[in-house]
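Student: First the structure, which I've put down as structure tokens, then a few questions once you've had a look.
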Amino acid sequence: MKKIRKRVFETNSSSMHSLAIIGSDRMSKCQLSTTIIDGEEKIVVESGEYGWGYDTLTTPIEKLSYIVTMIPYHNSNVSISESRYFKWLSDMVKDYTGYELSYQSSSSNYYEDGYIDHQSTDTQDDVWVNDEEEFKNNMKNIVFNDKYFIIIDNDNH
């Protein structure tokens with residue numbers, strides 16, 4: 001059972017990750033920086049560490065990093081770059097930007113594939129679907145629609 005509340009955060013954990021949707025639809029056309037890898041121009045995304053925060057992820061690359069870091073929590077038996085979700089995400093990014101997505105493991109000494117707080121791994125369960133087209137549409141909105149934010153916070157504020 002899920003409850004959707006507007007402008008109210010509620011959690012049983014000391015940390016919370018929320019997908020906030022504010023305002024009207026406006027698809028971001030901001031340029032993502034690219035890197036030449038094996039002679040091809042690609043967008044490089046690195047997994048991150050998303051624990052207690054506070055942080056607000058607003059740019060496409062920040063949101064892509066969070067989504068890529070979330071992949072092992074939804075497709076745990078394969079590496080991130082071999083996951084169907086990464087393939088679908090990469091296809092969506094290429095369709096939207098014209099550039100392929102390349103995964104780079106975290107520079108962290110502790111979490112090679114990044115980290116999302118254990119109480120927040122189901123934050124985006126409604127958008128992590130097994131249908132390829134629906135997944136791509138969901139992720140396109142989250143990554144490139146300016147009204148979507150990922151908010152990371154805790155109860156120490």
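Student: Filter segment 65-81 down to residues that are closer than 24 Å to residue 34 by Cα and among the polar types (S, T, N, Q) and give me whichever is surrounded by the fewest Cβ atoms within 10 Å (Cβ to Cβ).
Tutor: 79
Student: A further question on this structure: So for segment 14-22 (the condition being over 20 Å from residue 128 (Cα atoms), modelled with pLDDT under 85 and assigned to a loop (DSSP other than H, G, I, E, B)), does at least one residue qualify?
Tutor: The answer is yes; a qualifying residue exists.
Student: Same structure again: If only one of 135, 149 is modelled with pLDDT of 85 or more and assigned to a helix (DSSP H, G or I), which one is it?
Tutor: When all the criteria are applied, what remains is 135.
Student: Also, quick follow-up: Could you check how many residues of segment 137-155 are closer than 11 Å to residue 58 by Cβ and surrounded by fewer than 17 Cβ atoms within 10 Å (Cβ to Cβ)?
Tutor: 1
Matching residues to (1) surrounded by fewer than 17 Cβ atoms within 10 Å (Cβ to Cβ); (2) touching a Lys or Arg at 6+ places or on another chain (Cβ under 8 Å); (3) of a type outside the set (S, T, N, Q):
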residue	(1), (2), (3)
43	no, no, yes
49	yes, no, yes
60	no, no, yes
63	no, no, yes
83	no, no, no
90	no, no, no
94	yes, no, yes
101	no, yes, yes
107	yes, no, no
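Student: Then there's this: What strands (runs of 3 or more DSSP E) lie completely within segment 30-88 and have 3 or more residues being hydrophobic (A, V, I, L, M, F, W, C)?
Tutor: The qualifying strands (runs of 3 or more DSSP E) are 40-46.
Student: Let me ask something else about it. Which pairs do you get when a residue that is on the phi < 0 side of the Ramachandran plot and at pLDDT below 95, found in segment 85-99, comes within reach of a residue that is among the basic types (Lys, Arg) and part of a helix (DSSP H, G or I), reach meaning Cβ atoms under 7 angstrom, with the pair 6+ apart or on two chains?
Tutor: Qualifying pairs under 7 Å: 96/140.
The values are calculated or read from the model by the stated rules, or taken from the named source; none is laboratory data. Remember, it's a predicted structure, so these values are computed and weren't measured experimentally. Cβ: placed from backbone, ideal geometry, glycine included. Neighbour counts: every protein chain shown.
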